[in-house]
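> This is the structure, below, for whatever I ask next.
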Amino acid sequence: MSVATAVHPADPSLAPPALSVIVVTHNGRKLALGTLASMMSEAVDLPVEWIVVDSGSTDGTPDAIEERWPEIEVKRLDNVGFAAANNVGFALASGRYLLALNPDTEVRWGTFGALVEKLDANPAVAAASVIQEEPDGSLQCIRRDPSLRLALSEALLLYKLPGCSAWQEREREPTVYEQDRPADWLVGAFLVLRREAVATVGGFDERFFMYSEEADLCRRIREAGWEVRHLPVMRILHHGGKPNPRLVAQATWSRVEYSRKHFGPPAALAYRGVLAFHHLVRLAAFTLLPGRRERCRFERHGLKVALGIAPPPFAPPSTPR
């Protein structure tokens, strides 16, 4: 597979690039082209290797990318999911740092050179992200580890009470995002990883077709003695930051798998019960609102997945790690 630096195609005679950017695409041609153009414009200050892995697009996305950038050959796969497709990109990459980048992002400000300089100065940091902004201006990257307490608070919307904003996984305080600080886990729309850490703990766990894969990886990185850190040296816009109602059942299935992997059996069972309660509460609320029949269908599917009586929209691999 051929890849490209910000200036010229990768040359085996040159030293490995500082950064390998892995972009996994699945349709969304226009956004993917915009992402690559935006990111390449901020990568002129260091050698960057660009790797595109297409996971089953049907809208001509890989052809459009190769036509725009002939030096980039897209690795074409079936729709294997976000985790598995990124792992293919990691295996192809040669950079000192590996950036898993969503194909629906663009740079607001900052450069990859500043990011790599910060990582070089902090060798204990193995996973990091930057300020991730949603289209409405809200921030989304810094998250707390999933827990029974936080899941119950989110089910009951307790985090909306005065003084209780920390009772949720997502950090919503804007001033926090201005700080260089540790985090439990970081949203995978822009997640840069130290190569040595990936070699030690492995890449994404492919049982997570999508959702929870970055929470799991960041947890394994921390358990191996590395640091996960928010680095406000860049600001990106993540167009797809809002949850997709069509995929609520997929997110629930991934959370169930996360709890089975990281919690003891009693806590995992209780966590599953809270997830079911979460969907039951929202199903009851949406039933009372006009025009929410489709959302009720999605919440009903999520409830069934939480109860173990229905599969997720996308089936997991048969042999998870």
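The values are calculated or read from the model by the stated rules, or taken from the named source; none is laboratory data. Just so it is clear, the structure is predicted and the values come from calculations on it, not from any experiment. As a convention, Cβ positions derive from the backbone with ideal geometry for all residues, glycine included, and neighbour counts pool all protein chains shown.
A quick yes/no check of all residues on (1) within 30 Å of LEU303 (Cβ to Cβ); (2) surrounded by fewer than 20 Cβ atoms within 10 Å (Cβ to Cβ); (3) under 14 Å from the mean Cα position of the chain (by Cα); (4) not basic (Lys, Arg):
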{"site": "PRO146", "(1), (2), (3), (4)": "yes, no, no, yes"}
{"site": "GLY188", "(1), (2), (3), (4)": "yes, no, yes, yes"}
{"site": "VAL192", "(1), (2), (3), (4)": "no, no, yes, yes"}
{"site": "VAL198", "(1), (2), (3), (4)": "no, no, no, yes"}
{"site": "GLY203", "(1), (2), (3), (4)": "no, no, yes, yes"}
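> Could we say that ALA43 is crowded, with 19+ Cβ neighbours inside 10 Å and either assigned to a helix (DSSP H, G or I) or acidic (Asp, Glu) (or both) here?
Judged against the criteria, ALA43 is not a match.
> Then there is this: Where in region 153-268 are there helices (runs of 4 or more DSSP H), lying wholly inside it, with at least 3 residues that are under 23 Å from LYS118 (Cα atoms) and touching a strand residue (DSSP E or B) at 6+ places or on another chain (Cβ under 9 Å)?
195-201, 213-223
> May I pose another question? Only one residue in THR287, THR200 is among the β-branched types (Val, Ile, Thr) and modelled with pLDDT under 95. Which one?
THR287
> Out of the strands (runs of 3 or more DSSP E) lying entirely within region 47-114, which hold 1 or more residues that are surrounded by fewer than 18 Cβ atoms within 10 Å (Cβ to Cβ)?
The qualifying strands (runs of 3 or more DSSP E) are 75-77, 105-109.
> Does ARG181 qualify as being within 29 Å of GLU42 (Cα to Cα) and not aliphatic (A, V, I, L, M)?
Yes.
> Could you tell me how many of the residues in region 242-273 are modelled with pLDDT under 95 and in contact with a Lys or Arg (Cβ under 7 Å, 6 or more places away or on another chain)?
Residues that pass the stated criteria total 1.
> Being outside the structural domain of VAL187 (by TED's automatic domain parsing) and on the phi > 0 side of the Ramachandran plot is the filter here; which residues of region 118-157 pass it?
Passing the criteria: only LEU157.
> Quick one: TRP167 ticks every box in (1) of a type outside the set (S, T, N, Q); (2) surrounded by fewer than 18 Cβ atoms within 10 Å (Cβ to Cβ); (3) touching a Leu at 6+ places or on another chain (Cβ under 6 Å); (4) within 20 Å of ARG255 (Cα to Cα) bar one, so which box is it?
Unmet for TRP167, out of (1) of a type outside the set (S, T, N, Q); (2) surrounded by fewer than 18 Cβ atoms within 10 Å (Cβ to Cβ); (3) touching a Leu at 6+ places or on another chain (Cβ under 6 Å); (4) within 20 Å of ARG255 (Cα to Cα): (2).
> Regarding ASN86, is this residue in contact with a His (Cβ under 8 Å, 6 or more places away or on another chain), at pLDDT 95 or above and within 24 Å of PHE208 (Cβ to Cβ)?
Considered against the rule, which asks whether it is in contact with a His (Cβ under 8 Å, 6 or more places away or on another chain), at pLDDT 95 or above and within 24 Å of PHE208 (Cβ to Cβ), ASN86 comes out as no.
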